[in-house]
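J.: Sending over a structure as structure tokens; questions will come in a sec.
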Amino acid sequence: MSRKGWILFAAMCLLWGIPYLFIKVAVEEVSVPVVVFARTMIGAVLLLPLALHSARKGGGQLGTLRRHWRPLVAFAALEIIVPWGLLSAAEQKLPSSLAGLLIAAVPIISVVTARLAGGSERLSPRRWAGLVIGLAGVVVLAAPDLGGGSGLAVAEVLLVALGYATAPLIAARKLADVPALPMTAACLSLGALVWLPAAIVTWPHRVPSGRALGALVALGVICTAFAFIVFLALIREAGTSRAMVFTYVNPAVAVAAGVLFLSEPFTVTIAASFALILAGSLLATWTARGPADSAGLADLAGPAGPVPVSRRRPPRLRSRSSDPASPAR
């Protein structure tokens, strides 16, 4: 990749690896509805002007949104409205690093949901092995927290992962012709409207600390609006296949942030489970290249050769952020 591409890639590794840290800080002082409302509202306010400008230039984009409002609502529910609420609730009990690692299982779950949704791609022995290895990593990671009241929080994060794995199926099959920026702004706006009543009811009686307010602002500005702009720039600079490799780095960033800034523990179990989940994700989403892929290898290969992620993987098997229309998390 170019130097600009590497800078954008490093930025995305950070931007979508640190939301777990900010969520953990925010939920210590404000309610879950306020956290989700603040993030979606700030993101929508910042992206709506850009989306409207894009719609005016593109012509007909708003009409496309209206025609696809049903799958758009379903996508927003599975990608933003429900997952961000469940994740924030779970982090009231779980360390941010654990939440980030559990979300790393999304590529594995994506393979399963794609098959259940009628996907016809054959699962090779390598990919079956990846499913088993990755799920074993999830079990190793989650098992110590299943007792003592944390089991529900673990289930909530796994439901988040299920939503992140299912939403791209809707995007690929029903929203393929919907422009990414207006779609994201619409999803964030809908999320803000849905969470507004609950946020009003649970609004804090006193002004939160600067630490909590900073976390809320960072979630909306940095991890949502700015992250999505960088994400689109990375797609344009490096292409989707290479750009999406950062999704395998985000969990490591989440763990490092939790350890460095929140003094969360880093144990042998965490290290082993991360290795299992990462290996399982890579194997489970791997598709062997065929002759038809040869033409595209040159522009997908970096200085060290092609990245070990499928070039032919159809949209239904993409990981949680692999669709350019998928909003920032």
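The values are calculated or read from the model by the stated rules, or taken from the named source; none is laboratory data. All values derive from a computational prediction rather than experimental measurement. Cβ sites come from the backbone with ideal geometry, for glycine too, and all protein chains shown count toward neighbours. Ligands, DNA and RNA are excluded from the accessible area calculation, which covers all protein heavy atoms including side chains. Shrake-Rupley method; radii C 1.70, N 1.55, O 1.52, S 1.80 Å.
J.: For a quick check of your reading: which helices (runs of 4 or more DSSP H) sit entirely within the stretch 1-100 and have at least 1 residues that are of a type in the set (Ser, Thr, Tyr) and in contact with an Asp or Glu (Cβ under 8 Å, 6 or more places away or on another chain)? Explain how you work it out, then say what you get.
T.: On the way: elements: 3-15, 19-26, 32-58, 61-67, 69-76, 82-90.
So the answer is 19-26, 61-67.
J.: Test Val35 against the criterion of being within 16 Å of the chain's Cα centre (by Cα), over 21 Å from Val230 (Cβ atoms), touching a residue at least 12 places away in the same chain (Cβ under 8 Å) and surrounded by 17 or more Cβ atoms within 10 Å (Cβ to Cβ), and give yes or no. Before the answer, list the steps.
T.: Values: within 16 Å of the chain's Cα centre (by Cα): no; over 21 Å from Val230 (Cβ atoms): yes; touching a residue at least 12 places away in the same chain (Cβ under 8 Å): yes; surrounded by 17 or more Cβ atoms within 10 Å (Cβ to Cβ): yes.
When the stated conditions are applied, Val35 does not pass them.
J.: Of the residues that sit in the stretch 101-121 and are open to solvent by 10 Å² or more (accessible area, probe 1.4 Å) and outside any helix (DSSP H, G or I), which one is nearest to Ser263 (Cα to Cα)?
T.: Ala104
J.: What pairs can you find where one residue is in the stretch 64-87 and closer than 12 Å to Ile170 by Cα and open to solvent by 30 Å² or more (accessible area, probe 1.4 Å), the other is among the polar types (S, T, N, Q) and not in a helix (DSSP H, G or I), and their Cβ atoms are less than 6 Å apart, with a gap of 6+ or different chains?
T.: Listed pairs, sorted by first residue: none to list.
J.: Only one residue in Ala257, Ala252 is out of contact with any helix residue (DSSP H, G or I) (no Cβ under 6 Å at 6 or more places or on another chain), part of a helix (DSSP H, G or I) and small (Gly, Ala, Ser). Which one?
T.: Numbers: Ala257 fails: out of contact with any helix residue (DSSP H, G or I) (no Cβ under 6 Å at 6 or more places or on another chain).
Result of the check over Ala257, Ala252: Ala252.
J.: Then there is this: Considering each residue of the stretch 182-229, count those that are within 20 Å of Phe9 (Cα to Cα), open to solvent by 10 Å² or more (accessible area, probe 1.4 Å) and modelled with pLDDT under 95, and give that number.
T.: Residues flagged as within 20 Å of Phe9 (Cα to Cα), open to solvent by 10 Å² or more (accessible area, probe 1.4 Å) and modelled with pLDDT under 95 within the stretch 182-229 amount to 1.
Condition check ((1) at pLDDT below 90; (2) among the small types (Gly, Ala, Ser)) across all residues:
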position: Leu94; (1), (2): no, no
position: Ile103; (1), (2): no, no
position: Gly148; (1), (2): yes, yes
position: Ala167; (1), (2): no, yes
position: Ala172; (1), (2): yes, yes
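J.: Another one. From the list Ala136, Ala172, Ala155, which one is part of a helix (DSSP H, G or I), free of Cβ contacts under 8 Å to residues at least 24 places away in the same chain and open to solvent by 10 Å² or more (accessible area, probe 1.4 Å)? I'd like the intermediate steps shown before the answer.
T.: Numbers: Ala136 fails: free of Cβ contacts under 8 Å to residues at least 24 places away in the same chain; Ala172 fails: free of Cβ contacts under 8 Å to residues at least 24 places away in the same chain.
None of the other options fit; the residue is Ala155.
J.: Of the residues in the stretch 251-261, how many are open to solvent by less than 30 Å² (accessible area, probe 1.4 Å) and over 16 Å from Lys24 (Cα atoms)?
T.: Qualifying residue count for the region: 0.
J.: Kindly check whether there is at least one residue in the stretch 155-178 that is of a type in the set (Ser, Thr, Tyr) and in contact with a Ser or Thr (Cβ under 6 Å, 6 or more places away or on another chain). Break it down into steps so the answer makes sense when it comes.
T.: Initially, the stretch 155-178 is screened for residues of a type in the set (Ser, Thr, Tyr), giving 164, 166.
Those left that are additionally in contact with a Ser or Thr (Cβ under 6 Å, 6 or more places away or on another chain): 166.
Yes: one or more hits.
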